[in-house]
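Read the structure below first, then the notes.
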Amino acid sequence: MEVKIAKIAGFCMGVRKAMDIALSCAQTTQKPIYTFGPLIHNPSALDLLASKDIEILKHVPQSGNGAVIIRAHGVPPETKMQLKYAGFYIIDATCTRVIKVQMLVRHYAKKGFHCLVIGDEGHPEVIGIMGYGGEKAILVSNEEELKKIDALNLKDYIIVAQTTQDYERYDKWCNEITARFPGGRIFHTICDSTHKRQREAKRLADEVDMVVVVGGKKSANTKRLAEIVHESGKEALAVEDERDLDLERLKKFNKIGITAGASTPEWIINRIVEKIGSI
Ligand code: SF4
């Protein structure tokens, strides 16, 4: 049996940075230390943080103390203010690429432009970006919302995307919007790490008989990788770690590919490779 690992698999730059910041805080910063929401969509990585006494803060309390790490997705500016007022010390691990989108929206909203944000409703990154646009920010997360913008009669406006959106859909929607309302400025804010990982997953699927997709069940970018493998006509087995591997099922394949979402730690990928190698 041959096993091929995708060239781009596992932590992206932003998630790696946030994880490094959290682990270094565990050694250098006085406790209590919190992350605002789960730092990463991966249970093993969260277990590691919990073992270092890093707790998860689910909402802003009336008062508190200690350090709060803002995860790679970022938060709205009001949330940072509320955390400070409550008494926390903020360690900002927002990914620089997400900050770029937040700053674009803040800049253009201040100039009076409408800011269309193409992204998933309720996703923390989207909530954070929208927070920088205030009442000028408009979420477009599905075809229904795309139709509704007709009522806005847009003149001065920009379009940005959540960094993990699908390239093709973003282009399609941007073309539709600018055809209806000429003059809008489109910013290509989809992270190339996401794009490269998706392209690589497709290439891998074309070369092997089936692909094991490693990542947390709640990770949107991991789900998207499994979809891409399916769309290529190959079987995808989504697993969180090596315990989910069905070796009997894998035995019937000659060439197995392995890819992993942006929040999958390298140590899990290595264990998966080891276990498949044992067949
Ligand atoms: S996917 Fe890209 S933008 Fe999002 S956290 Fe990772 S590096 Fe940053």
_Ascending count of other beta-carbon atoms within 10 Å, so fewest first, for 73, 107, 123_ = 107, 123, 73
*asked:* Let's test this: bin the Cα-Cα distances of the stretch 133-264 at 10 Å from zero up to the farthest pair and state each bin's percent.
replied: 11, 34, 25, 18, 9, 2
*Taking 0.36 nm per residue of separation and subtracting the Cα-Cα distance, what length does fully extending residue 28 through residue 4 add?*
4.7 nm
*Just rank 264, 29, fewest to most, by other beta-carbon atoms within 10 angstrom.*
29, 264
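If I take R0 = 30 Å and measure r between the Cβ atoms of residue 63 and residue 92 in this structure, what FRET efficiency does the formula 1/(1 + (r/R0)^6) give, to the nearest 0.05?
Computed FRET efficiency for residue 63 and residue 92 comes out at 0.90.
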*Sorted from largest down, give the three principal axis spans of the alpha carbons of the stretch 97-186, whole angstrom values.*
29, 28, 18
*For the charge dipole of the chain, defined by +1 on Lys and Arg C-beta atoms and -1 on Asp and Glu C-beta atoms about the Cα centroid, which residue among 61, 256, 103 has the Cα displaced farthest towards the positive pole?*
103
*Using Cα centres only, tell me the gap between the stretch 90-109 and the stretch 120-177 in whole Å.*
16
*asked:* Suppose the chain between residue 100 and residue 155 were pulled fully straight at 0.36 nm per residue; how much longer would it get relative to their current alpha carbon spacing?
replied: 17.5 nm
*Which value in deg cm²/dmol, rounded to the nearest 500, describes the helix-derived mean residue ellipticity at 222 nm for the chain, given -39,500 (n - 2.57) per DSSP H run of n ≥ 4 and division by the residue count?*
-13500 deg cm²/dmol
_More than 22 angstrom separation, counting every C-alpha pair in the stretch 13-95; what % is that?_
16
*Of 38, 124, 61, which is the most mobile in a GNM of the chain whose springs link Cα atoms less than 10 angstrom apart?*
61
*Where Lys and Arg each count +1 and Asp and Glu each count -1, what net charge lies around residue 58 among other residues with Cβ under 15 Å from its Cβ?*
+1
*So for the pair residue 84, residue 270, with labels modelled 7 Å out along Cα→Cβ, what separation do we get in nm?*
4.1
*Excluding same-chain residues fewer than 8 positions from residue 155, which aspartates and glutamates have a Cα within less than 19 Å of its Cα?*
135, 145, 176
*Tell me which residues come under 5 Å, amide H to amide H, from residue 139 once H is placed; ignore anything under 5 positions away on its chain.*
117
*May I ask you to derive the relative contact order of the chain, considering only C-alpha pairs under 8 Å and at least 6 residues apart, and to give it as an integer percent?*
22
*To the nearest 20 debye, what charge dipole does the stretch 13-95 have about its Cα centre, counting +1 at the Cβ of each Lys and Arg and -1 at the Cβ of each Asp and Glu?*
100
*If you place +1 on the Cβ of every Lys and Arg and -1 on the Cβ of every Asp and Glu, how big does the dipole about the Cα centre of the chain come out, in debye to the nearest 20?*
680
*For the chain, count the residues as N, evaluate 2.2 N^0.38 Å, and divide the Cα radius of gyration by that value, please.*
1.10
*asked:* Quick check on the exposure proxy: order 116, 146, 49, 204 from fewest to most C-beta atoms within 10 angstrom.
replied: 146, 49, 204, 116
*So which trypsin sites (Lys or Arg not before Pro) in the stretch 80-175 are both in a DSSP loop and have at most 16 other Cβ atoms within 10 Å of their Cβ?*
111, 155
*Can you give the net charge of the other residues whose Cβ lies under 15 Å from the Cβ of residue 144, counting K and R as +1 and D and E as -1?*
-3
*Can you tell which of 129, 154, 139 lies farthest toward the positive end of the dipole of the stretch 108-180, using +1 and -1 charges on the Cβ of basic and acidic side chains (Lys, Arg; Asp, Glu)?*
154
*Distance violations [Cα-Cα > 32 Å] among 202/251; 148/234; 7/100*: 148/234
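Every number in this text was worked out from the coordinates using simple rules, so none of it is lab data. In this text, all values refer to a predicted model and were calculated from it rather than measured experimentally. Note: ideal-geometry Cβ built from the backbone for every residue, glycine included; neighbour counts use all protein chains shown.
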